Amino acid sequence: MTAVDVSVQLPSGTEIPAGVLREEPSPTGGAPFVSFRYHAEYLAAPGSYALSPELHLDTGLQRPPVHRPMFLGFEDAGPDRWGRDLLQEEERLLARHDGRPYGRLSALDSLLRVSDSTRQGAVRFWSDGAPLGRSALPDRVDTVDWPRLLAAAADAEAGRNVAAALEILFQFGSASPGGARPKVQVTDDSGSLWLAKVPAHGDRWDVSLWEEVTLTLAARAGIRVPPHRLERVGEGRSILLLRRFDREDGRRIGYRSARTLLQLDDHEIDRRSYTDLAGALRRTASTEDVHELFRRVAFTLLVGNLDDHMRNHGLLRTKTGWRLSPMFDVNPHWGSGFDSTPIVPSGPTRRREIHELLDVADAFDLSTDTAMTILREVEYATRDWAATAIGAGAEQENLEPFAALFDGPARDWVRNR
Ligand SMILES: Nc1ncnc2c1ncn2[C@@H]1O[C@H](COP(=O)(O)OP(=O)(O)OP(=O)(O)O)[C@@H](O)[C@H]1O
Ligand SMILES: [Mg+2]
């Protein structure tokens with residue numbers, strides 16, 4: 001039975017042992033699962049908090065619900081599809097090298113193999129007093145050899161030269177944080193960590209450039225976004241650099257996804273609605289956050305973002321509790337057969353209409369008048385999307401297909417109302 005010590009850096013900056021995670025065999029012969037027990041000292045420490053909503057603040061032994069191998073709050077510190085695939089590939093190579101059978105990594109294995117230095121949030125995992133997970137040492141952004149890094153990401157995606165590609169990617173903390181697209185981490189000259197989202201195989205447009213455009217527009221619309229910039233690396237290819245919001249002056253800030261907040265399994269991450277999330281934010285965060293969520297949903301609809309599942313919303317732990325994190329991963333997107341987060345329970349997940357949002361203003365603690373003012377502000381702030389895209393480096397002749405997303409029915413509806 002693997003025992004792993006868990007520590008947490010509290011918002012005060014103090015890092016303290018929080019409890020012990022153990023992997024236990026499934027009684028039915030299925031995948032192993034973990035158990036967790038808090039230390040009494042953690043529970044007594046000023047500013048300590050539940051590491052996942054389902055982990056109650058007591059010293060008893062706790063297990064996740066039977067169908068889950070792991071507590072969701074810990075999954076937020078682990079990899080998502082991109083990182084899990086890299087770690088699984090690494091496991092395949094290691095098993096071959098050691099001549100042992102190759103199998104799927106357990107939930108705990110992939111959690112522990114993520115780089116300690118780039119791990120999302122404020123939890124860390126230890127064994128015999130040493131942190132688990134390799135220690136990535138990402139290069140400074142001005143010295144990064146981007147062509148080498150991009151080639152490594154492309155090789156990993158294509159299954160070519162995998163061992164060499166993984167070595168490079170892991171040096172850049174690539175298995176974390178989550179998400180399905182290729183990413184690495186770099187530092188700036190003050191040592192701050194930045195997330196670098198790089199092009200993926202099969203991209204049909206410059207995804208990073210358009211994410212830069214939405215970030216610029218979002219800031220104009222009064223939405224909090226992390227410091228960001230674009231690095232052009234070739235014709236129609238860019239890297240988006242985002243300063244990590246879960247780090248501040250070297251301190252680790254607790255992170256919780258909306259998926260964890262709402263206790264959703266993976267297949268449910270686009271099944272719960274924005275009014276559900278608003279309710280959970282009201283209970284856990286603040287009215288200001290509920291209002292900002294309304295603004296973000298309006299923004300999502302006005303820029304044609306479809307990929308707004310509950311792992312694409314998150315919270316940060318502050319001295320006064322959980323607060324909505326800066327916005328991330330908002331992209332104009334064409335999707336057929338793509339389900340987005342419905343605005344209301346059982347509402348449409350395709351072709352969502354902006355009036356549905358105004359209709360439920362009260363669920364966001366807003367009067368209809370104030371809600372309409374927000375819709376107008378966001379519409380106004382996103383009107384100049386084409387000029388913003390040109391400013392970010394887009395070519396005039398590539399703008400046309402985006403008009404259908406930015407100048408769609410949502411904009412017409414707000415303007416004509
Ligand atoms: N600026 C940031 N600072 C810290 N963490 C971040 C930041 N931006 C994103 N993240 C975290 O990294 C994860 C992956 O980022 P993001 O969602 O942008 O990637 P993605 O691969 O495009 O995701 P998806 O699979 O949803 O398309 C997010 O779920 C979030 O937890
Ligand atoms: Mg994402």
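The values are calculated or read from the model by the stated rules, or taken from the named source; none is laboratory data. All figures in this text were calculated on a predicted structure; none of them were measured in a lab. Reconstructed Cβ throughout: ideal geometry from the backbone, glycine too, with neighbour counts over all protein chains shown. Ligands, DNA and RNA are excluded from the accessible area calculation, which covers all protein heavy atoms including side chains. Shrake-Rupley method; radii C 1.70, N 1.55, O 1.52, S 1.80 Å.
So here's what we get for this one:
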item	result
Top-ranked residue of the range 330-363 - restricted to ones that are touching a strand residue (DSSP E or B) at 6+ places or on another chain (Cβ under 9 Å) and buried (at least 20 other Cβ atoms within 10 Å of the Cβ), ranked as nearest to residue 178 (Cα to Cα)	330
Pairs with Cβ under 6 Å, 6+ apart, first in the range 393-417 and among the aliphatic types (A, V, I, L, M), second open to solvent by less than 80 Å² (accessible area, probe 1.4 Å) and not in a helix (DSSP H, G or I)	405/304; 405/332
Test: residue in the range 389-402 that is within 13 Å of residue 304 (Cα to Cα) and over 26 Å from the mean Cα position of the chain (by Cα)	yes
Conditions (1) modelled with pLDDT of 95 or more; (2) buried (at least 16 other Cβ atoms within 10 Å of the Cβ); (3) not charged (D, E, K, R): number failed by residue 56	(2)
Selection within the range 347-375 - among the small types (Gly, Ala, Ser), outside any helix (DSSP H, G or I) and touching a residue at least 24 places away in the same chain (Cβ under 8 Å)	347
So residue 233, is it open to solvent by 40 Å² or more (accessible area, probe 1.4 Å) and outside any loop (DSSP other than H, G, I, E, B)	yes
Qualifying positions in the range 323-348 - under 22 Å from residue 207 (Cβ atoms) and either away from ligand 2 (no atom under 16 Å from the Cβ) or of a type in the set (S, T, N, Q) (or both)	325, 331, 334, 336, 337, 340, 341
Selection status of residue 163, in contact (Cβ under 8 Å) with a residue 60 or more places away in the chain, over 28 Å from residue 403 (Cβ atoms) and open to solvent by 50 Å² or more (accessible area, probe 1.4 Å)	yes
Members of the range 307-322 that are in a loop (DSSP other than H, G, I, E, B), away from ligand 2 (no atom under 12 Å from the Cβ) and either in contact (Cβ under 8 Å) with a residue 24 or more places away in the chain or of a type in the set (A, V, I, L, M) (or both)	319
Extreme residue, farthest from ligand 2 (Cβ to nearest atom), among residues of the range 69-83 that are in a loop (DSSP other than H, G, I, E, B) and open to solvent by 20 Å² or more (accessible area, probe 1.4 Å)	69
Qualifying residue in the range 31-51 (condition: modelled with pLDDT under 95, farther than 21 Å from residue 261 by Cβ and more than 24 Å from the chain's Cα centre (by Cα))	yes
Among residues of the range 205-245, those that are closer than 30 Å to residue 375 by Cβ and more than 13 Å from ligand 1 (Cβ to nearest atom), counted	12
Residue satisfying all of: in the range 278-331; farther than 19 Å from residue 254 by Cβ and of a type in the set (Phe, Trp, Tyr); nearest to ligand 1 (Cβ to nearest atom) among these	299
Residues (open to solvent by 20 Å² or more (accessible area, probe 1.4 Å) and either part of a helix (DSSP H, G or I) or among the hydrophobic types (A, V, I, L, M, F, W, C) (or both)) located in the range 269-281	269, 275, 276
Check on residue 61, open to solvent by 50 Å² or more (accessible area, probe 1.4 Å), more than 16 Å from ligand 1 (Cβ to nearest atom) and not β-branched (Val, Ile, Thr)	yes
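A quick yes/no check of all residues on (1) of a type in the set (Ser, Thr, Tyr); (2) open to solvent by less than 10 Å² (accessible area, probe 1.4 Å); (3) under 30 Å from residue 7 (Cβ atoms):
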| residue | (1), (2), (3) |
| --- | --- |
| 261 | no, no, yes |
| 267 | no, no, no |
| 284 | yes, no, yes |
| 293 | no, yes, no |
